[in-house]
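The values are calculated or read from the model by the stated rules, or taken from the named source; none is laboratory data. What you are looking at is a predicted structure, and each value in this text was computed from that prediction instead of being measured. Glycine also receives a Cβ, built like all others from the backbone with ideal geometry; neighbour counts cover every protein chain displayed. Remember, those area values only see protein heavy atoms, side chains included, never the ligands or the DNA or RNA. Shrake-Rupley method; radii C 1.70, N 1.55, O 1.52, S 1.80 Å.
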Amino acid sequence: MSAPKLLDQVRTVARLKHLSLKTEKAYVQHIKRFIFFHGKRHPREMREEEIRGYLSHLAVERNVAASTQNVALAALLFLYRDVLKIKLERIEDIERARRPSRVPVVFTKQEVNQIIKNLSGVYFLIGGLMYGSGLRLMECLRLRVKDIDFSYNQVWVRHGKGAKDRVTPLPATLKEPLRKHLLRVKLRHQQDLQEGFGSVALPYALERKLPNAEKQWIWQYVFPAPKRAVDPRSGIERRHHLHDSAIQKAVQRAARTSRVPKRATCHSLRHSFATHLLQDGYDIRTVQELLGHKDIRTTMVYTHVLNRGGRGVRSPLDQ
């Protein structure tokens with residue numbers, strides 16, 4: 001039996017380490033580009049110098065962002081450390097690209113209201129949760145039915161960034177629209193079951209630990225995709241959650257319609273959630289917990305936003 005190809009080994013190890021599908025794909029792409037950049041040489045024949053040469057190519061010739069350089073470096077370190085089991089001797093000499101320190105784009109309360117008013121249907125609910133509960137886009141899309149607690153008015157974020165769980169408030173404004181939305185989702189799920197489908201991908205080994213849980217209502221996604229698709233890992237036809245690009249485009253469209261003169265992204269709604277809580281007098285530690293930040297310094301960036309634009313400083317011209 002022949003040994004598996006290198007990229008197949010990368011995929012296997014990525015799944016053993018429970019990396020997300022998006023991370024797996026990014027790592028595979030960077031490893032493939034690294035190999036082609038060096039004339040299809042096997043990575044076993046290359047070391048730190050070749051890694052540095054590839055990263056320099058990305059920075060100088062491709063002019064990619066610092067975050068892209070760091071993902072490329074992470075992919076190559078994963079390849080050598082976890083797949084090939086090769087120890088790089090001078091790895092500390094390979095510097096990570098410094099990401100520019102930027103103040104996040106934050107909407108005013110009026111701008112948020114206008115943007116959310118110009119979202120409709122499922123996009124209105126997702127936009128409302130990102131601003132009203134401070135969820136990241138993918139945290140919102142990965143919500144399961146059991147994660148919405150209408151009795152206690154809270155949302156459970158499972159396995160968020162840094163593999164942490166947290167609880168955040170469920171906006172009262174969204175309770176009734178969410179109930180109606182879930183009734184429609186349940187009808188669609190029942191139809192899938194009647195057609196012989198209705199299963200959903202479960203995290204880790206829950207499919208073995210909880211037999212038939214994949215078809216239970218509480219494990220279904222709150223925001224399922226309109227069509228079923230074949231799971232690239234299991235090969236099973238399932239209904240996944242909505243694709244993130246559809247939400248990003250909807251938010252950008254709503255911002256243009258609202259004539260908001262700022263670069264609108266989904267993450268700007270989360271930034272606005274944090275900033276508006278601080279404006280309303282909430283403690284920064286509370287905001288840190290709601291956002292799921294590991295380090296208080298990450299949350300501190302919103303205090304800089306509060307002090308910008310004349311809100312914290314009186315212009316000398318006005319004196």
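Which one of these does ARG228 not meet: (1) within 19 Å of LEU183 (Cα to Cα); (2) in contact with a strand residue (DSSP E or B) (Cβ under 9 Å, 6 or more places away or on another chain); (3) open to solvent by 80 Å² or more (accessible area, probe 1.4 Å)?
(3)
Report yes if some residue within the range 182-191 is among the charged types (D, E, K, R) and either under 22 Å from the mean Cα position of the chain (by Cα) or within 24 Å of ASN118 (Cα to Cα) (or both); otherwise report no.
Yes.
Criterion first (open to solvent by less than 20 Å² (accessible area, probe 1.4 Å), touching a residue at least 24 places away in the same chain (Cβ under 8 Å), assigned to a helix (DSSP H, G or I) and under 21 Å from LEU129 (Cβ atoms)) does ILE218 satisfy it?
For ILE218, the condition - open to solvent by less than 20 Å² (accessible area, probe 1.4 Å), touching a residue at least 24 places away in the same chain (Cβ under 8 Å), assigned to a helix (DSSP H, G or I) and under 21 Å from LEU129 (Cβ atoms) - is not met.
From (1) farther than 30 Å from ASP231 by Cα; (2) open to solvent by less than 50 Å² (accessible area, probe 1.4 Å); (3) out of contact with any helix residue (DSSP H, G or I) (no Cβ under 6 Å at 6 or more places or on another chain); (4) not acidic (Asp, Glu), pick out the condition that doesn't hold for SER20.
(1)
Output yes when any residue across the range 35-50 is within 30 Å of HIS241 (Cβ to Cβ), open to solvent by less than 80 Å² (accessible area, probe 1.4 Å) and not aromatic (Phe, Trp, Tyr), and no when none is.
The answer is no; no qualifying residue exists.
Is it fair to say LEU135 is in contact (Cβ under 8 Å) with a residue 24 or more places away in the chain and in contact with an Asp or Glu (Cβ under 8 Å, 6 or more places away or on another chain)?
no
If only one of VAL71, VAL13 is in contact with a Ser or Thr (Cβ under 9 Å, 6 or more places away or on another chain) and touching a residue at least 40 places away in the same chain (Cβ under 8 Å), which one is it?
None of the others qualify; the one that does is VAL71.
Looking for whichever is under 20 Å from the mean Cα position of the chain (by Cα) and within 15 Å of VAL251 (Cα to Cα) here; the options are LEU143, LEU137. Which one fits?
LEU137
Check VAL64, VAL28 and return the single one that is under 14 Å from LEU6 (Cβ atoms) and β-branched (Val, Ile, Thr).
After applying the criteria, what remains is VAL28.
Can you tell me which residue within the range 116-136, out of those that are open to solvent by 20 Å² or more (accessible area, probe 1.4 Å) and in contact with a His (Cβ under 8 Å, 6 or more places away or on another chain), is nearest to LEU170 (Cα to Cα)?
ARG136
Hey, could you check the range 1-38 for residues that are closer than 20 Å to GLY162 by Cβ, at pLDDT 90 or above and not hydroxyl-bearing (Ser, Thr, Tyr) and say which is farthest from the chain's Cα centre (by Cα)?
Across the range 1-38, the extreme among qualifying residues is ALA14.
Answer yes if at least one residue in the range 84-99 is among the acidic types (Asp, Glu), assigned to a loop (DSSP other than H, G, I, E, B) and surrounded by fewer than 17 Cβ atoms within 10 Å (Cβ to Cβ), and no otherwise.
Within the range 84-99 (the criterion being among the acidic types (Asp, Glu), assigned to a loop (DSSP other than H, G, I, E, B) and surrounded by fewer than 17 Cβ atoms within 10 Å (Cβ to Cβ)), the answer is yes, since at least one residue qualifies.
Would you mention how many residues in the range 51-68 are open to solvent by 40 Å² or more (accessible area, probe 1.4 Å) and part of a helix (DSSP H, G or I)?
The total comes to 5.
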